[in-house]
Amino acid sequence: MNRIDKLFQSRKQNILSIYFTAGFPVLVDTLRTIQELDKAGVDMIEIGMPFSDPVADGQVIQRSSEKALSNGMTIKLLFKQLASVRETTDLPLILMGYINPVLKFGMENFLHKCQETGIDGIIIPDLPVEEYQEPYEALFEKYNILNIFLISPQTPDERITYLDSISKGFLYMVSTAATTGTINNFDESQIAYFKKVNDLNLKTPRLIGFGISNNETFIQACNFANGAIIGSSFIRALDGNGTLPENIHGFIRKIRG
Amino acid sequence: MNETFTADKNGYYGEFGGAFVPEMLRQNVESLRDVYHQIIESPEFQKEFTGLLRNYAGRPSPLSFAKRLSDKYGAKIYLKREDLNHTGSHKINNTIGQIILARNMGKTRIIAETGAGQHGVATATVCALMGLECVVYMGETDMVRQEPNVKRMEMLGARVVPVTSGNKTLKDATNEALRDWICNPVNTFYIIGSVVGPHPYPDLVARFQSVISEELLSQLREAEGTEDPGYILACVGGGSNAAGIFYHYINRRNVRLVGVEAAGEGVNTGLTAATIAVGERGIIHGSKTLVMQNEDGQITEPYSISAGLDYPGVGPIHAWLARTGRADYLNVTDKEALAAAYELTKLEGIIPALESAHALAALGKLKVNKTDIIVVNVSGRGDKDMQAYFEAKT
């Protein structure tokens with residue numbers, strides 16, 4: 001069974017998934033970051049593949065991506081760095097990035113590499129289900145890699161139900177009409193949206209992402225979903241004054257409360 | 001090979017096009033896709049659109065016979081004078097269409113990206129006309145090199161937001177406009193300035209710009225007794241003026257369609273914006289098309305002296321016209337474009353935009369006969385480029 005499915009089968013609540021941009025702040029820390037996140041007790045890790053034109057991201061991830069690229073990060077190098085990752089962690093691992101570099105690498109080649117490396121899922125925001133199904137779905141199945149879909153406050157109920165019906169792993173629930181890292185707390189309309197989706201009684205587990213930056217928002221998100229995804233504020237923490245382990249453990253402690 | 005040159009229901013021209021947008025933009029794009037046919041084909045829309053094109057933008061734009069230019073190149077050269085439109089370029093055709101559409105959809109806030117500033121000015125203009133809020137994203141580099149247009153947009157009441165990411169040019173301005181749209185999905189309409197972006201934009205913009213070739217049919221019949229020239233030349237950045245002047249000729253195979261890209265310093269120098277010449281299949285701004293990219297699939301920074309052509313992608317319709325061989329795509333350098341601008345100015349008394357100068361520079365690259373009719377789309381006027389022209393002279 002895929003590690004993502006295993007996680008959601010064994011745990012229904014307070015799941016914490018952390019996103020970081022591979023190659024940021026320094027090129028070589030990818031494995032160490034994963035190792036420390038594992039030790040700090042996170043439940044899942046999303047490894048960001050930096051892209052030159054990240055349109056769904058706010059300034060923090062734009063900057064971390066720019067830095068990672070200027071450090072020399074590429075998909076090829078990332079797979080090299082991750083070659084021994086399964087000696088380090090049993091956590092579910094997801095690669096997240098934009099479609100163009102993946103297509104350039106070659107979709108089948110990419111999925112094959114994912115399987116070889118022990119990657120469990122992929123999140124590509126600019127590969128909507130309509131462009132995914134016909135050419136790529138069978139390939140994802142062949143290599144047993146889960147493609148994670150997003151829903152947002154703008155997604156109509158019937159589309160949410162449809163995405164739920166074809167989803168594997170979990171649904172990535174974008175908390176707000178915003179790019180990543182641009183809000184710091186939830187307002188009433190977001191809570192209403194969380195409740196609405198909760199009431200749809202979806203079969204697929206959900207993680208809430210965008211705008212989770214502290215213990216309070218983490219708990220709020222966990223009240224309406226199986227857990228939460230944190231990206232931008234973790235990347236800010238990585239840029240902190242401590243050592244890499246200090247920055248990571250300090251941040252996760254703060255989130256878990 | 002399937003050779004239809006209109007977008008299918010999913011926005012594909014052959015293998016190019018589509019709508020690769022994140023879920024946060026999905027609803028915006030889909031609601032536009034669901035209504036645009038119905039709205040723009042309605043008699044009310046058509047009446048308002050053609051009325052504004054005629055009485056506000058000043059259409060039809062003239063078709064000028066360029067006598068001295070014709071003598072020089074040994075062919076019959078006509079100029080389609082989009083430079084004479086209100087706001088100084090073809091961009092107004094599209095913004096008039098899109099703003100009526102936006103208003104019909106109940107949107108109250110307009111955003112746009114701009115490179116040379118011509119699309120930004122045309123958007124700010126129609127927003128003033130309709131009394132709608134207007135925000136224009138423009139790269140900092142472009143704000144410097146096209147300063148008069150920044151001033152015009154501001155005078156028209158638009159807020160011009162400087163974009164500081166990447167090379168600070170058109171691609172980056174487009175990223176920022178898309179981010180704005182993600183953050184403001186309910187009240188905001190994104191007026192895209194070229195035949196780029198996710199479906200339905202390439203089709204939508206091509207339709208609004210097709211007024212250029214529609215007029216050309218009858219103007220040429222009147223002037224020459226034939227609707228079909230031997231050649232049609234137009235510059236291509238994203239490719240909206242080219243799509244507009246090609247539109248009604250695409251299935252007339254006897255007319256040679258020639259798009260002209262910006263080679264910058266030269267296609268092999270790394271300082272170029274000639275996407276069809278150096279790009280590969282990829283996805284940029286929601287569209288599968290040809291894209292300038294490195295071996296890791298990162299989009300590379302284009303370069304051209306012309307801010308309006310300085311884009312690392314190209315409209316999917318052009319990728320398809322190039323792939324099928326229906327249109328030819330040439331490219332000319334900064335230097336050649338500057339020389340062509342001076343030549344047109346001296347021979348015909350018309351100062352073209354730097355973008356249009358690229359199309360004119362391709363005249364010297366065609367093998368033509370005395371009886372060949374060539375139509376060059378003069379997509380805009382050169383007022384905004386005076387600084388570059390002065391600098392080139394010294």
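The values are calculated or read from the model by the stated rules, or taken from the named source; none is laboratory data. Computed from a predicted structure; not experimentally measured. All Cβ positions, even for glycine, are placed from backbone atoms using ideal geometry, and neighbour counts span all protein chains on display. Keep in mind that these areas ignore ligands, DNA and RNA; they rest on the heavy atoms of the full protein, side chains included. Shrake-Rupley method; radii C 1.70, N 1.55, O 1.52, S 1.80 Å.
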> Would the range B:120-135 turn up any residue that is outside any loop (DSSP other than H, G, I, E, B), more than 14 Å from chain A (Cβ to nearest Cβ) and at positive phi?
Replying inline: no
>> Going by what's in this entry, would residue B:286 be described as surrounded by fewer than 21 Cβ atoms within 10 Å (Cβ to Cβ) and either within 14 Å of chain A (Cβ to nearest Cβ) or on the phi > 0 side of the Ramachandran plot (or both)?
In response: no
> Pairs under 7 Å by beta carbon, first residue away from chain B (no Cβ under 12 Å) and part of a loop (DSSP other than H, G, I, E, B) in the range A:85-113, partner open to solvent by less than 10 Å² (accessible area, probe 1.4 Å) and of a type in the set (Asp, Glu), six or more apart or different chains?
Replying inline: A:92/A:120
> For the subset of the range A:134-154 comprising residues that are within 12 Å of chain B (Cβ to nearest Cβ) and farther than 17 Å from residue A:49 by Cβ, which member is surrounded by the most Cβ atoms within 10 Å (Cβ to Cβ)?
Replying inline: A:149
> residue B:140 versus (1) touching a residue at least 12 places away in the same chain (Cβ under 8 Å); (2) more than 23 Å from residue B:38 (Cα to Cα); (3) open to solvent by less than 20 Å² (accessible area, probe 1.4 Å); (4) not aliphatic (A, V, I, L, M): which is the lone unmet condition?
Replying inline: (3)
>> Among the residues that make up the range B:313-326, is at least one of them touching a residue at least 12 places away in the same chain (Cβ under 8 Å) and within 14 Å of chain A (Cβ to nearest Cβ)?
In response: yes
> Limited to the range B:143-173, what total is found for residues that are modelled with pLDDT of 95 or more, surrounded by fewer than 19 Cβ atoms within 10 Å (Cβ to Cβ) and not in a loop (DSSP other than H, G, I, E, B)?
Replying inline: 6
> Mind checking which residues of the range B:267-282 are facing another protein chain (nearest Cβ under 8 Å) and either open to solvent by less than 10 Å² (accessible area, probe 1.4 Å) or outside any strand (DSSP E or B) (or both)?
Replying inline: B:282
> Of these, A:47, A:61, A:34, which one is assigned to a strand (DSSP E or B) and in contact (Cβ under 8 Å) with a residue 12 or more places away in the chain?
Replying inline: A:47
> Taking the range B:100-117 on its own, how many of its residues are outside any strand (DSSP E or B) and open to solvent by less than 20 Å² (accessible area, probe 1.4 Å)?
Replying inline: 6
> When you scan the range B:174-198, how many residues do you find that are in contact with a helix residue (DSSP H, G or I) (Cβ under 7 Å, 6 or more places away or on another chain), facing another protein chain (nearest Cβ under 10 Å) and part of a loop (DSSP other than H, G, I, E, B)?
Replying inline: 2
>> Return the pair list, or none, for Cβ contacts closer than 9 Å from residues in the range B:38-50 that are outside any helix (DSSP H, G or I) to residues that are polar (S, T, N, Q), at least 6 apart or on different chains.
In response: B:42/B:104
>> Could you check the range B:251-263 and list, in sequence order, the residues that are closer than 12 Å to residue B:328 by Cα and hydrophobic (A, V, I, L, M, F, W, C)?
In response: B:255, B:257, B:258, B:260
>> So, in the range A:56-74, how many residues would count as being surrounded by fewer than 22 Cβ atoms within 10 Å (Cβ to Cβ) and either of a type in the set (A, V, I, L, M, F, W, C) or in contact with a His (Cβ under 8 Å, 6 or more places away or on another chain) (or both)?
In response: 2
> Considering only the range B:179-214, how many residues are open to solvent by less than 10 Å² (accessible area, probe 1.4 Å), over 17 Å from the mean Cα position of the chain (by Cα) and of a type in the set (A, V, I, L, M)?
Replying inline: 1
>> Taking the conditions exactly as written (within 14 Å of chain B (Cβ to nearest Cβ), open to solvent by 30 Å² or more (accessible area, probe 1.4 Å) and over 19 Å from the mean Cα position of the chain (by Cα)), does residue A:193 satisfy them or not?
In response: no
> If you go through the range B:13-32, how many residues are more than 11 Å from every other protein chain (Cβ to nearest Cβ) and assigned to a helix (DSSP H, G or I)?
Replying inline: 1
